[in-house]
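Have a look at the structure below before the remarks.
The values are calculated or read from the model by the stated rules, or taken from the named source; none is laboratory data. Worth saying up front: this structure is predicted, and the values here are computed from it rather than measured. Quick reminder, even Gly has a Cβ in these numbers, built from the backbone with ideal geometry, and neighbours come from all protein chains shown. Surface accessibility is based on the protein's heavy atoms, side chains included, excluding ligands, DNA and RNA. Shrake-Rupley method; radii C 1.70, N 1.55, O 1.52, S 1.80 Å.
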Amino acid sequence: MKKGFSLLVILLLISCAVKQKGAEGKDATDRTSSGEITITANDIKKSMEYLASDELGGRATGTEGIEKAAIFIENYFKDNNIQPYFETYRDSFNIEEIIGFNIVGLIEGNDPKLKKEFVILGGHYDHIGKGKEVNGDTIANGANDDASGTIAAMEFGKYFAKSKTNKRSVLITLYSAEEIGLKGSAHLAERLKNKGMDAYTMINFEMIGVPRTADKSMAYISGYNRSNLVSILNQYAGEKVLGLFPKAEQFQLFFRSDNFPFYKAFNMPAHAISTFDFTNFDYYHHVDDEPDKMDYTHMVSFINKMIPALEGMINGPTKEVVLTENE
Ligand SMILES: [Zn+2]
């Protein structure tokens, strides 16, 4: 190979890399595989700064703050053409004297046969309200837990409502009363089961606001050995976005998030996906779990890497994601 020529090629290659790196560093505006719909750090930040604001008081179930959060999510659904699945967006339930409500949106599938099957994507939009006081601050804002997962589910909804690339129908489900015993997801799972829904998989996004260290997979799922979800999603992502996190088993995370009631009700693959690994975030259920602690470049990158993975699973010719016995 001629010397001069190779130097030119190398220079070109370096400039491309720098460009990509630059864009990520500055304002992480990424384009999805279709090139049309962009997921931007600004959009995510806007949602985060409202949902995890002091004004919403930590979004405890039954409070004024969570009502404001619900209205915000409903308006987001309306603005992005995500339809109500029931009469309204709200799936209400009672916990003694408290009324809770999940928010449920639908993006109907475009395939005459596969649209009868549903993929459920979710996050919990409630939090604990008040936390242990720190310097006079008592509001547990719940930015990472779980406004981050809520926003990821909202952005996936926006993507599919705009791209209309989903063959199966997609439900975007934001849960209330997760912090008081997975009550919201238990209610919805039962209701959809009783309705006879043909549910394929459920994925719950839980605490995806901060990155793991570079030597680890970007994210992990709970209940790793309970289905082949990781291999299927990584295959469609074209890279290993998801990996094994041994502590997830040790801490029994599979039973501690809104995926579990769906696993119980439908006996189908239902998992939580997270980037929180107990070493990378010190503010779990803490008043400092605030929007300024979130890494928006990471959130954009995670959401964008998950889109082709979800799209591939949602459009697979058969139900290739299955439960596996070797728990
Ligand atoms: Zn949570």
| message | Residues that are of a type in the set (Asp, Glu), closer than 12 Å to ASP258 by Cα, touching a His at 6+ places or on another chain (Cβ under 9 Å) and touching a residue at least 24 places away in the same chain (Cβ under 8 Å): does region 146-159 have at least one? | response | yes
| For region 44-75, which residues satisfy the criterion of being crowded, with 20+ Cβ neighbours inside 10 Å and farther than 17 Å from ASP126 by Cα? | ILE44
| note | Considering region 76-114, residues that are among the acidic types (Asp, Glu) and more than 22 Å from the chain's Cα centre (by Cα), and then whichever is least open to solvent (accessible area, probe 1.4 Å), we arrive at ASP111
| field | Number of the condition not met by THR173 [criteria: (1) on the phi > 0 side of the Ramachandran plot; (2) crowded, with 24+ Cβ neighbours inside 10 Å] | value | (1)
| said: Restricting to region 240-275, and then to whatever is away from the ligand (no atom under 14 Å from the Cβ) and among the basic types (Lys, Arg), can you tell me which residue is surrounded by the fewest Cβ atoms within 10 Å (Cβ to Cβ)? | reply: LYS247
| field | Filtered residues of region 140-180 (kept if within 12 Å of the ligand (Cβ to nearest atom) and of a type in the set (Val, Ile, Thr)) | value | THR150, ILE180
| field | Residues (hydrophobic (A, V, I, L, M, F, W, C), touching an Asp or Glu at 6+ places or on another chain (Cβ under 7 Å) and within 16 Å of ILE172 (Cβ to Cβ)) located in region 115-132 | value | PHE118
| said: Suppose the filter is β-branched (Val, Ile, Thr) and over 19 Å from THR150 (Cβ atoms); does VAL300 pass it? | reply: no
| said: If a residue must be of a type in the set (A, V, I, L, M) and part of a loop (DSSP other than H, G, I, E, B), how many such residues does region 285-323 contain? | reply: 4
